[in-house]
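The values are calculated or read from the model by the stated rules, or taken from the named source; none is laboratory data. Since we're looking at a predicted model, the values are computed, not measured. Methodologically, a virtual Cβ is constructed for each residue, glycine included, from the backbone with ideal geometry; neighbour enumeration extends over all protein chains shown.
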Amino acid sequence: MSYKRSFSIDQPFSHPFHVDDIAMEEPLSRLFFEKIKFLPLHRDMVIVCIGTDRSTGDAFGPLTGTMLAENSPRSFHVYGTLQQPVHALNLQETMNHILANYQHPFLIAIDASMGKAQNVGNITFASGPIQPGSAVKKTLPDIGNIHITATVNVGGMMEYFVLQNTRLNLVMKMADRTSDALLRADRRLSRPASHRTTRRSHTFQPSAHEMSAPSKE
């Protein structure tokens with residue numbers, strides 16, 4: 001079968017999954033697939049993984065992006081990896097690049113978050129944009145038609161210190177579960193190959209200025 005993809009959200013949604021649920025990848029993958037499977041073929045899907053490897057908690061985004069890019073998804077273009085992270089210093093430049101190179105792109109934002117103690121370990125798939133940097137009081141552009149966030153630690157005070165002292169084991173597990181779910185969705189999207197336009201993954205190539213720019217830390 002083939003899909004004429006179109007996307008609409010009748011009502012806002014937010015679905016949390018806990019990283020310790022060993023079966024969570026499949027329901028997250030199915031839900032993600034159901035939300036995007038009717039997106040028009042001419043509209044590129046771009047995953048923007050936000051964060052930096054200079055802070056353990058904030059590495060969720062680039063870890064997820066790296067795991068995705070290394071598996072060459074056919075349906076998504078991937079920005080934000082350990083090698084080429086998307087963070088506070090280059091987020092606007094990255095967005096300008098995406099908007100200039102894709103026609104009406106559908107944006108999927110991925111980022112770490114902080115929250116209540118009982119929510120640590122949750123991977124949340126939700127409608128609408130995220131506000132990257134809000135946990136550490138940074139003002140950055142909202143991004144995403146839909147988003148996935150990972151609650152990596154408790155918020156409320158000393159956010160920089162807490163992020164930098166987040167357990168790597170937790171962040172790695174959350175990135176692994178998230179990337180696996182998205183790759184499962186990619187395989188579903190690519191299944192009717194004879195009726196679909198093949199897509200290749202794409203990673204952001206920074207300018208010479210950006211490569212010489214200091215990290216946000």
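Can you list the strands (runs of 3 or more DSSP E) found entirely within the range 15-124 that contain at least 2 residues being under 18 Å from VAL171 (Cβ atoms) and touching a residue at least 12 places away in the same chain (Cβ under 8 Å)?
In the range 15-124, the matching strands (runs of 3 or more DSSP E) lie at 45-49, 106-115.
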_Of residues in the range 169-195 being among the hydrophobic types (A, V, I, L, M, F, W, C) and at pLDDT below 95, the one nearest to THR66 (Cα to Cα)_ = LEU189
*Quick one: would you say PHE204 is surrounded by 18 or more Cβ atoms within 10 Å (Cβ to Cβ), at pLDDT below 90 and either under 16 Å from the mean Cα position of the chain (by Cα) or not in a loop (DSSP other than H, G, I, E, B) (or both)?*
yes
*Within the range 126-140, is even one residue in contact with a helix residue (DSSP H, G or I) (Cβ under 6 Å, 6 or more places away or on another chain), closer than 19 Å to ILE36 by Cβ, touching a residue at least 60 places away in the same chain (Cβ under 8 Å) and outside any loop (DSSP other than H, G, I, E, B)?*
no
*In this structure, does PRO141 turn out to be modelled with pLDDT under 95 and crowded, with 21+ Cβ neighbours inside 10 Å?*
no
